[in-house]
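Visitor: Sharing a structure here in structure tokens format.
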């Protein structure tokens, strides 16, 4: 979250400087921002669900591993190692499938962002060349340099903003756990307890019993 805020403030500063030096930078900046938002929105529709699936499939892996370590002596004495290994591999395969999908969606986003940023640098360079008659070479170089810096910042800001939403899945799972039905108390209510004098003896009696 803090990385996203920092990148956002840096982007604002770089855009102001670049647009003051070369006002033509505004022309490709506006469609770039719109495209970045659309790509981010499209990416989050899938990555959010995949991240939720990955978190859900990760919990059984740790639970099964913890239970196996606690009963490792019993498992070895009963010679059930292969069975537990197969079950653990099944849990691990399910988690690996979800994790691979999450990595694949992240790479998809990275490739699209690289394309957009390359198009942005090309557009700014063309605008700088067209305005070369009204700008000196130093200002043109400064404009292109700030544009290339802005390109990297745009990529990082979009990735961090998407990662913030993906990590909110962990908060969502914590809220789900906090809303689970609570277990019964260790001791029952006083009005539901048997009398203090009960039982008076250890005898067992059966009433209305038939075989």
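The values are calculated or read from the model by the stated rules, or taken from the named source; none is laboratory data. Here the structure is a predicted model, which means the values were calculated and not measured. FYI the Cβ positions are ideal-geometry reconstructions off the backbone, even for glycines, and counts take in every protein chain you see.
Okay, residues lined up against (1) more than 20 Å from the chain's Cα centre (by Cα); (2) in a helix (DSSP H, G or I):
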| residue | (1), (2) |
| --- | --- |
| 145 | yes, yes |
| 155 | no, yes |
| 161 | no, yes |
| 164 | no, yes |
| 176 | no, yes |
| 182 | yes, no |
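Visitor: Turning to a different aspect of this structure: It is to be established whether one or more residues within the stretch 121-128 are under 19 Å from residue 158 (Cβ atoms), surrounded by fewer than 18 Cβ atoms within 10 Å (Cβ to Cβ) and touching a residue at least 12 places away in the same chain (Cβ under 8 Å).
Guide: Yes: one or more hits.
Visitor: How many residues does the stretch 117-135 hold that are over 35 Å from the mean Cα position of the chain (by Cα) and at pLDDT 75 or above? Working first, answer last.
Guide: Step one: list which residues in the stretch 117-135 are over 35 Å from the mean Cα position of the chain (by Cα), which gives 125-135.
Subset that is at pLDDT 75 or above: 125-130.
So the count comes out to 6.
Visitor: Under 23 Å from residue 110 (Cβ atoms) and buried (at least 19 other Cβ atoms within 10 Å of the Cβ): which single residue out of 11, 50, 34 fits that description?
Guide: Values: 11 fails: buried (at least 19 other Cβ atoms within 10 Å of the Cβ); 34 fails: buried (at least 19 other Cβ atoms within 10 Å of the Cβ).
Step by step, each of 11, 50, 34 is checked, and only 50 is under 23 Å from residue 110 (Cβ atoms) and buried (at least 19 other Cβ atoms within 10 Å of the Cβ).
Visitor: Moving on to the next point. Residue pairs, Cβ under 6 Å, 6 or more apart or interchain, first in the stretch 1-19 and at negative phi and free of Cβ contacts under 8 Å to residues at least 24 places away in the same chain, second surrounded by 17 or more Cβ atoms within 10 Å (Cβ to Cβ) and in a helix (DSSP H, G or I). List them.
Guide: Close Cβ pairs satisfying both conditions: 19/25.
Visitor: Additional query: Give the residue, chosen from 68, 29, 56, that is surrounded by 13 or more Cβ atoms within 10 Å (Cβ to Cβ) and closer than 21 Å to residue 164 by Cα.
Guide: Numbers: 68 fails: closer than 21 Å to residue 164 by Cα; 29 fails: closer than 21 Å to residue 164 by Cα.
Step by step, each of 68, 29, 56 is checked, and only 56 is surrounded by 13 or more Cβ atoms within 10 Å (Cβ to Cβ) and closer than 21 Å to residue 164 by Cα.
Visitor: OK, next. Evaluate the following for residue 36: is it within 30 Å of residue 126 (Cα to Cα), at pLDDT 80 or above and either in a helix (DSSP H, G or I) or touching a helix residue (DSSP H, G or I) at 6+ places or on another chain (Cβ under 7 Å) (or both)? Show your work before the answer.
Guide: On the way: within 30 Å of residue 126 (Cα to Cα): yes; at pLDDT 80 or above: yes; either in a helix (DSSP H, G or I) or touching a helix residue (DSSP H, G or I) at 6+ places or on another chain (Cβ under 7 Å) (or both): yes.
Against the criterion (within 30 Å of residue 126 (Cα to Cα), at pLDDT 80 or above and either in a helix (DSSP H, G or I) or touching a helix residue (DSSP H, G or I) at 6+ places or on another chain (Cβ under 7 Å) (or both)), residue 36 qualifies.
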